[in-house]
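Asks: Let me begin by handing over the structure; questions about it come next.
The values are calculated or read from the model by the stated rules, or taken from the named source; none is laboratory data. This is a predicted model, so every value here is computed, not measured. Heads up, the Cβs are rebuilt from the backbone with ideal geometry, glycines too, and the neighbour counts pull from every protein chain shown. Just so you know, the surface numbers come from the protein's heavy atoms only, side chains and all, with ligands and any DNA or RNA stripped out. Shrake-Rupley method; radii C 1.70, N 1.55, O 1.52, S 1.80 Å.
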Amino acid sequence: MKNKFYLFALLTTSLLISCDNNDDNSGNQATENGITINSDATSLNKRLDYTNSGVISITNTSSAKGLATQATTDLPLVQIAEINPPTDSNGRTLQANHVAVNGNYAYVAYTMMGEAYSGAIDVIDVTDPYKPKLLTSALIANTDITSLTYSNGNLIIAGAKDIDKDATLTNPAIVINMQLSSGMLTDKYTVTKLESHATTDVAANSSSYFAVTGDTGSLFKINNSSKAVTSKVAVEDLRTVALTGDKIVTLSGTKGVNIYNESTLALQKSFATSTDVSAAKRTIDFDGTKLLVSEGYNGLGIYDINSGSKLQAIGLASAGGDNVTNAVSVNEGYAFVANGASRIKRL
């Protein structure tokens, strides 16, 4: 299995427990730009915890059509380590909510629960999956980091910033385009301001990146060079966005799935999914022409992306409370589903 498989487990474990340029590198850990970067190996290594290392329980479902299945013992899920979340400058513990992988580096996004805004990003080296290394960590003041993705030597970062701490903002929703240096975080970034309470997810290709916002939401297309919004489509309560071929696919908690042309954002198809609870994180992924949708208390829905017909529903054994399908990831013919307190299911 590739690193994506390992890091999906890392993410789910963590879950359980107009543009402004800021290109001046002051050499003082970027604190002038609201970003404090820590690359001190001694302090970072203290966050690695091997206490619960070993094979962990995983639920196997053998009835998913078109997805490879085999006995649980043939594909054990091994927890190598836990990385304890960072604390911000006020001593508040953050919560992991997204992982993006590029090569041997994993980028982990953190946010603050509740009304306060605070976020962070970790960079983890998984060259040796049995010996992960936390290379650097950045605290991002007054900003929740809700999602991120790697694109052409940059991190595209979804977030929400406290407008009371930034007079240039009229809405909290932002997208940060951060330049990386040999894969490491820097304080060189551009902020694109969006209309809404929070940017919930981002995706990218070689020429553009795409962002979705919740609440009074929209799908935004942003030019890689100018960092300016070139087009947008209004859709309420957007949770996630993903690319497959020349299609942009979005998931709304109330409007279901919309599929757009990548170039023009022309709507090609839409179909309903389960109506979801408000303000909950959800993801989607693809297995060929199948679209896998995390549907909260309704479990996992599998749809034909061309027709929109629902091929299968895989429910939770005991839905409710913290037992909720909040993420899905497909890797080499297997689907891994994060079910909150019910942990991970393999299809």
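Asks: With r defined as the distance between the Cβ atoms of Thr289 and Ser39 and R0 fixed at 35 Å, what FRET efficiency is calculated, to the nearest 0.05? List each step's numbers first, then the result.
Replies: On the way: r = 43 Å, r/R0 = 1.24.
After rounding to 0.05, the efficiency reads 0.20.
Asks: Residue by residue, what Karplus-based ³J(HN,Hα) values in Hz, rounded to whole numbers, does the range 268-276 have, using 6.51, -1.76 and 1.60 with θ = phi - 60° and x for Gly and Pro?
Replies: With the stated coefficients, the range 268-276 comes to 9, 7, 9, 8, 7, 10, 5, 5, 10 Hz.
Asks: Rounded to a whole number, what % of the accessible area of the range 225-347 do carbon and sulfur atoms account for, probe 1.4 Å?
Replies: Values: 2240 of 4810 Å².
Reported share for carbon and sulfur atoms: 47 percent.
Asks: Cα-Cα over 25 Å: which of Lys133/Lys165; Lys161/Lys227; Lys131/Lys188? Don't jump to the answer; show the numbers that get you there.
Replies: Numbers: Lys133/Lys165 34 Å; Lys161/Lys227 18 Å; Lys131/Lys188 30 Å.
Violating the 25 Å limit, Cα to Cα: Lys133/Lys165; Lys131/Lys188.
Asks: Just grab the label-to-label distance for Glu332 and His197, each label 7 Å out from Cα along the Cβ direction, in nm (one decimal).
Replies: If labels sit at Glu332 and His197, their model points lie 4.1 nm apart.
Asks: Given Val249, Ser278, Gln268, which one lies farthest toward the positive end of the charge dipole of the range 241-283, if we put +1 on the Cβ of every Lys and Arg and -1 on the Cβ of every Asp and Glu?
Replies: Highest projection toward the positive end goes to Ser278.
Asks: Put +1 on the Cβ of every Lys and Arg and -1 on every Asp and Glu Cβ in the range 151-253; which of Ala211, Asn223, Thr240 then has its Cα farthest towards the positive end of the dipole?
Replies: The listed residue farthest towards the positive side: Asn223.
Asks: Something else now. Take the Cβ-Cβ distance between Ser278 and Ser231 as r, set R0 to 35 Å, and report the resulting FRET efficiency rounded to the nearest 0.05.
Replies: Details: r = 27 Å, r/R0 = 0.77.
Taking R0 as 35 Å, the efficiency between Ser278 and Ser231 is 0.85.
Asks: Which order do peptides 250-261, 299-310 fall in by mean Cβ count within 10 Å, highest first?
Replies: Details: 250-261: 20.8, 299-310: 17.2.
So the peptides 250-261, 299-310, ranked by packing, come out 250-261, 299-310.
Asks: Cα convex hull of the range 100-222: how many Å³ per residue? Intermediate values should be presented prior to the final figure.
Replies: Values: hull volume 12.8 nm³, N = 123.
Spread over its residues, the Cα hull of the range 100-222 gives 104 Å³ apiece.
Asks: Treat every Asp and Glu Cβ in the range 75-189 as -1 and every Lys and Arg Cβ as +1, leave all other atoms uncharged, and give the resulting dipole magnitude about the Cα centre to the nearest 20 debye. If you can, show how the numbers build up before the last one.
Replies: Numbers: 6 positive and 11 negative charges, 43 e Å.
Using only the charged Cβ atoms, the result is roughly 200 debye.
Asks: Around Tyr50, what is the net charge, scoring Lys/Arg as +1 and Asp/Glu as -1 over all other residues with Cβ under 11 Å from its Cβ? Don't skip to the end; give the middle numbers.
Replies: Working: positive: Lys131; negative: Asp49, Glu82.
Combined, the nearby Lys, Arg, Asp and Glu give -1.
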